[in-house]
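Quick notes on the structure that follows.
Coordinate-derived values only; no laboratory data. Small disclaimer: the values here were computed from a predicted structure and weren't measured. Counting neighbours? That spans all protein chains shown, and the Cβs are built from the backbone with ideal geometry, glycine included.
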Amino acid sequence: MTNIVNLHLKTNAQTKKKTRPNEMKKKNLILGAVTGDIIGSVYEWNNVKTTDFPLFGEATDFTDDSVLTFATMDGILHKKSYVKVYQGYAQAYPDRGYGGNFADWIYDEDPEPYHSWGNGSAMRVSPVGWAYGTLDEVLKQAKRSAQVTHNHPEGIKGAQATAAAVFMARTGKSKAEIKEFITVMFGYNLDRRLDEIRPGYKFNESCQGTVPEAITAFLESNDFESAIRLAISLGGDSDTLACITGGIAEAFYQEIPEYIIENVLRLLPTEIINLIGEFSEKYKKVK
């Protein structure tokens, strides 16, 4: 494995002991996107078309969606190149379900964007919605995070729509305001009900076939857990749908149930919990 360019990662024996939850102020951690990914991880290839399913099981784990969300946090927090952090984290956490083009890009010595419209740009972008103070800056930075790989207009649009929804949610905008902005700015159809979408919805790796559905799941939810359950109930690319939905839902509801947080932290390496803690302390304004 190549050098990880000081990625905030430690792998020695001292990091294997988890920090105790009370020391991490777990309710203040920004975990929405990661939580959605983790809960959805076992349903990507075993779709459920219902909201009635176990949230955690023996095979539950974080996937590439979480790894690249960690990388985005690190890139923002420590002002690192998105190319460097995305390559570095993916190399440090291999075999997490990376897409084919991205899996090749990870090890490219002269990495260039590959005109992707895939939902990878949206799944990793939620930290952008937390870190910047204006909507214009969020849109600008979301584009920056996307275009190192996903420089197709749809790939950029998916990242911008997701980050904008997170920003608007955390700054007190209503669901109606979020829906109107996303519809007008990006042209996504958010008028369909999940009950209309669900029966015919299949695996779709595109931004245009994932981001509107994920936002709709948030819009129909009444709390964080219901948002995750609704996203996964669509089937398809369940972990990515729930990752995108989870990032928005956390920003809006400002709370993740404690039992969910505990199960998520149990699955994360200590160095990642510390990174999330550092990012959250700087950017999450607790109400």
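What fraction, in whole percent, of alpha-carbon pairs in the stretch 78-175 exceed 15 Å separation?
When all Cα pairs of the stretch 78-175 are counted, 60 percent exceed 15 Å.
Which net charge results for the neighbourhood of A90, defined as the other residues with beta-carbon distances under 15 angstrom from its beta-carbon, given Lys and Arg at +1 and Asp and Glu at -1?
With Lys, Arg at +1 and Asp, Glu at -1, the neighbours total -4.
Could you pull out the GluC sites (Glu not before Pro) across the stretch 233-287 that fall in loop regions by DSSP (anything but H, G, I, E, B) with no more than 15 other Cβ atoms inside 10 Å?
Taking the stretch 233-287 and a limit of 15 other Cβ atoms within 10 Å, the loop GluC sites (Glu not before Pro) found are E255.
Can you compute the FRET efficiency between R192 and K282 using 1/(1 + (r/R0)^6), with r the Cβ-Cβ distance and R0 = 41 Å? Round to the nearest 0.05.
0.65
Based on the Cα coordinates of the stretch 166-287, what is the per residue volume of their convex hull in Å³?
About 118 Å³ per residue, rounded to a whole number.
Apply the Karplus curve 6.51 cos²θ - 1.76 cosθ + 1.60, θ = phi - 60°, to the phi angles in the stretch 204-210 and return the couplings in whole Hz, x for Gly and Pro.
For the stretch 204-210, the Karplus-derived couplings read 9, 9, 7, 4, 5, x, 10 Hz, x marking Gly and Pro.
How would you rank S226, S126, S221, S81, going from fewest to most other Cβ atoms within 10 Å of each one's own Cβ?
Final ranking by Cβ density, sparse to dense: S81, S226, S221, S126.
Given the Cα-Cα distance of V184 and E205 and 0.36 nm per residue of separation, how much length would full extension add, in nm?
So the chain would gain 5.2 nm between V184 and E205.
Please compute the contact order of the stretch 19-269 in relative form: average sequence separation of alpha-carbon pairs under 8 Å and at least six residues apart, divided by the residue count, as a percent.
30 percent
Could you tell me the center-to-center distance, by alpha carbons, between the stretch 88-153 and the stretch 249-266 in angstrom?
Each part's Cα centre sits 24 Å from the other's.
What is the dipole size for the stretch 19-269, taken about its Cα centre, with +1 at each Lys and Arg Cβ and -1 at each Asp and Glu Cβ, in debye to the nearest 20?
640 debye
Using the alpha carbon gyration tensor of the stretch 19-269, what are the three equivalent-ellipsoid semi-axes (square root of 5 times each eigenvalue), largest first, in whole Å?
23, 21, 19
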